[in-house]
Amino acid sequence: MSVIIEPFKIKSVEPIRMTTRAEREELLRAAGYNLFLVNSDDVLIDLLTDSGTSAMSSEQWAGIMRGDEAYACSKSWYRMRDAIRDIFGFEHVIPTHQGRAAERILFSIMCKKGDVVPNNTHFDTTRANVEFNGAEALDLLKAEALNPAAILPFKGDMDVQALEKVIAEKGRERIPLIMITITNNSGGGQPVSMANIRAVSAVAKKYNIPFYIDACRFAENAWFIKLREPGYADKPVKEIAREIFSYADGCTMSAKKDALVNIGGFLCTNDSKLAGAQRDLLILTEGFPTYGGLAGRDLEAIAIGLTEVLNEDYLRYRIASTEYLGRHIADAGVPIVQPPGGHAIYIDAKAMLPHIPVEQYPGQALSIELYLAAGIRSVEIGSVMFARKDAVTGKELPAPMELVRLAIPRRVYTQSHIDYVVESILEVNAHKERIRGVRIVKQAPFLRHFSASFALI
Ligand SMILES: *Cc1c(COP(=O)(O)O)cnc(C)c1O
């Protein structure tokens, strides 16, 4: 059989409220053409993010009822800790309310002014937490990975030569840790190979620099290794995941991704002294070290989600459905970042809408049209989000790429939803010359994409 089915039945449903184009025009105008400000009830297919949007299983909901809400040393805490140790293998597990809280604790203890943190690509909260502590966040992706059209099996790999060069130039003592993000979220959800993780780990060991993994999508990355890297086809994904983490000294994790829950995160390390300092900071802002800002039931759901996410039927369906969306629109001529990543498809709006100059935000224009035409919520990842100001002239400098991200929530949408998305994008593409650019009417001084208002040109 070539058809890959959703490996689950649906026990509880959440109705989608249908809307017409005329209604959506009115709703979007009222929201200042900013999709972050549209009510979710007015969205048909919500592809804004894969973070915290997973559907939990019946086992996880049963776990929610079993959650032990004791303040200290609850049974649910031990179940979560043991589930994490079983897969990740680290000695110390520190629960946090989400990924960025783990980052804040890690970097505020390890980084100081003048330090440098290399990563394949820092996710935006990771970069912000590094920079907030006065350190420099360096992205060391290989040059060929920056070409959106290049089809490579492991486009998330770190440039190991560049890493060696950075260590030689900056000096080992200025690099408190090396990090690698699996899969590379900001680089399109592209996987990192085991060979690359091993090589980065070897460099870290040579210079005695701690090596941490941003583990948000570790299961999706492990599945890509099984599919694409020689020698792993017959290994269980859990074993592949264990091997990945065996090369590292610790990790940060947003459980809102590959732990299949709606909130949560954790920080792991093998360094006992560091773990002590991390727990002290945890108590200050997150909570006691056996719950870290989460309810007992959340700990329980994470423990169960971490085992479910390594189910190979689930991963086969997950990666195939993302690829299905990417392949169907790309085959019909819609330019996307190739190859399809694990959790999202990125449309190259600059290539798709050459009649809209980057100053008129082609990515925002496309995401607006996808909502008006079909009720699909996507997110612009281009100059609205990442333009910088020229230090001298104050003029806006466009971002390197104008992308629209379609992120796929885990276990939420079926193939017919994805077929609807494909058909809608192809219809929009057929009339793309009608799409108009936008201008910004109102904006905040930073993180403007969340609250800006736009007008159609
Ligand atoms: C989501 C994410 C984070 C931050 O996690 P939150 O739970 O959103 O705070 C960090 N790194 C990567 C790669 C992510 O995708």
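Below, the figures for the structure above:
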read-out: Lone qualifier among Ala255, Ala259 - being surrounded by 18 or more Cβ atoms within 10 Å (Cβ to Cβ), without any contact (Cβ under 8 Å) to a residue 60 or more places away in the chain and within 15 Å of the ligand (Cβ to nearest atom); value: Ala259
read-out: Criterion (assigned by TED's automatic domain parsing to the domain that holds Val421 and aromatic (Phe, Trp, Tyr)) met by exactly one of Tyr317, Tyr291; value: Tyr317
read-out: Members of the stretch 212-237 that are under 24 Å from Phe266 (Cβ atoms), among the hydrophobic types (A, V, I, L, M, F, W, C) and more than 16 Å from the ligand (Cβ to nearest atom); value: Trp223, Ile225, Val237
read-out: Qualifying positions in the stretch 1-23 - more than 28 Å from the chain's Cα centre (by Cα) and either touching a residue at least 40 places away in the same chain (Cβ under 8 Å) or assigned to a loop (DSSP other than H, G, I, E, B) (or both); value: Met1, Ser2, Met18, Thr19, Thr20, Arg21
read-out: Scope the stretch 265-295; condition hydrophobic (A, V, I, L, M, F, W, C), buried (at least 21 other Cβ atoms within 10 Å of the Cβ) and assigned to a loop (DSSP other than H, G, I, E, B); matching residues; value: Leu294
read-out: Leu27 being open to solvent by less than 70 Å² (accessible area, probe 1.4 Å), farther than 29 Å from Arg316 by Cα and outside the structural domain of Ala277 (by TED's automatic domain parsing); value: yes
read-out: Strands (runs of 3 or more DSSP E) fully within the stretch 40-156 counting 2 or more residues that are more than 13 Å from the ligand (Cβ to nearest atom) and over 23 Å from Glu308 (Cβ atoms); value: 116-119, 136-139
read-out: All positions within the stretch 129-161 that are farther than 30 Å from Arg327 by Cα, open to solvent by 40 Å² or more (accessible area, probe 1.4 Å) and touching a helix residue (DSSP H, G or I) at 6+ places or on another chain (Cβ under 8 Å); value: Phe132, Glu136
read-out: Count of the stretch 322-331 residues which are under 19 Å from Phe218 (Cα atoms) and open to solvent by 10 Å² or more (accessible area, probe 1.4 Å); value: 1
read-out: Top-ranked residue of the stretch 302-321 - restricted to ones that are hydroxyl-bearing (Ser, Thr, Tyr) and in contact with a helix residue (DSSP H, G or I) (Cβ under 9 Å, 6 or more places away or on another chain), ranked as most open to solvent (accessible area, probe 1.4 Å); value: Thr307
read-out: Residues of the stretch 181-227 satisfying the condition of being of a type in the set (D, E, K, R), surrounded by 24 or more Cβ atoms within 10 Å (Cβ to Cβ) and part of a helix (DSSP H, G or I); value: Glu220
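The values are calculated or read from the model by the stated rules, or taken from the named source; none is laboratory data. Keep in mind that what you see is a predicted model, and the values were worked out from it rather than measured. FYI the Cβ positions are ideal-geometry reconstructions off the backbone, even for glycines, and counts take in every protein chain you see. Heads up: the accessible areas ignore ligands, DNA and RNA and are worked out on the full protein's heavy atoms, side chains in. Shrake-Rupley method; radii C 1.70, N 1.55, O 1.52, S 1.80 Å.
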